[in-house]
Amino acid sequence: MTHSTADRMPAPQPSALATRLDFAQALARRCGELALREAAGLQISSKGVHDVLTQADLAVERLIRQEVAQAFPGDRVIGEEMGGQEAVEADGDCWLVDPIDGTANYATDIPRWCISIAWLQAGQPAVGVLFDPVLNRLYSAAAGSGAWQDGRRLTARTTDRLAGATVELGWSTRRTAQQYLGRAAALLTAGAAFTRRGSGALGLADVAAGRCDGYAELHINGWDCAAGVLLVSEAGGRVNPFFTNQGIHSGGLLVASTAGLYDALLALMTDQ
Ligand code: IPD
């Protein structure tokens, strides 16, 4: 019996990105279920002024680290609560995770928080998954394959003027009140409305899904935004080169918006 070339070809292997995307989606759901269970009888401690930590943040990050170690031995993980930056080059490959983004909301029973899991290749987000367990929404993106929510492809809006736009202006104590108020005043003066809803990751998902026009924050950490920035760029929006600018190690300015609004919003956020 003769064999054709096709008979002898090995079965196609899923790409490294597809494998990690599938893994991250399943893991994010498990993490969300764990966080929901942990919400009963929650213990909350303080990391600083307006910066809380719950035992659920730690439990979820532990689960992520265990599962990654089992599925991809040798993969590095950077997480909000347990660190790991020191072992990763800024242009390296790693998982960058926020076990619960929107912790202050989670701790006060405000239903706006999520699990954020990203895989960075050569220092840039290549896979991004967010799971919002309260609304049971799963967001996912892989570089070059679009942004998705529960099987529906996401597209950013076409807004191209600040007048009439809605922008979420993220806030933390890492920048002064004066700096924040300056940006808020500039947005209002330009005719934009601003919101602040306490989860940078979900704010970015809103931009990708066309629910708002932009997300900007004077300083945000990489674990809060790694998955979300990929969602925005894969949905046709624009994001500043956050990860090229050392965002993985020290965080920094984030500007993410519809493609047409980007230049104006970046100028507004960097105007001194
Ligand atoms: C915070 C949230 C918030 C953003 C802060 C983050 P956490 O993350 O994303 O919306 O404005 O910069 O630190 O502490 O809830 O994981």
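The values are calculated or read from the model by the stated rules, or taken from the named source; none is laboratory data. All of these numbers come straight from a predicted model, not from anything done at the bench. Cβ coordinates were reconstructed from backbone atoms using ideal geometry, including for glycine residues, and neighbour counts include every protein chain displayed. All accessible areas refer to the heavy atoms of the entire protein, side chains included, with ligands and DNA or RNA removed. Shrake-Rupley method; radii C 1.70, N 1.55, O 1.52, S 1.80 Å.
For the chain, the solvent-accessible area of protein heavy atoms averages 45 Å² per residue (probe radius 1.4 Å; ligands and nucleic acids excluded). Checking every one of the trypsin sites (Lys or Arg not before Pro) in the range 146-215 against DSSP loop status and a limit of 13 other Cβ atoms within 10 Å picks out Arg161, Arg196.
Taking the chain as the reference, fit the longest principal axis to its C-alpha atoms, fit the long axis of helix 222-234 to the helix C-alpha atoms, and give the angle between the two in degrees, 0 to 90, nearest 10. That works out to roughly 80 degrees.
Exactly which trypsin sites (Lys or Arg not before Pro) in the range 32-101 are in a DSSP loop and have at most 12 other Cβ atoms within 10 Å? Let's see the in-between values first.
Numbers: sites: Arg37, Lys47, Arg62, Arg65, Arg76; in loops: Arg76.
Those that pass, being in a loop and sparsely packed, number zero.
Principal axis extents of the C-alpha atoms in the range 76-221 (largest first, rounded to whole Å): 44, 37, 34. Summarised in one figure, the compactness ratio Rg/Rh of the range 12-153, Cα atoms and Kirkwood Rh, is 0.97.
Only beta bridges with both residues in the range 166-270 are counted; by DSSP, about 55 percent of them are antiparallel. Relative to the longest principal axis of the Cα atoms of the chain, the long axis of helix 16-38 lies at roughly 60 degrees. Every helix of 4 or more DSSP H residues in the chain counts as -39500 (n - 2.57), and over all residues that averages to -10500 deg cm²/dmol at 222 nm. Note on the chain: with neighbouring protein chains present and a 1.4 Å probe, carbon and sulfur make up 52 percent of its accessible heavy-atom surface.
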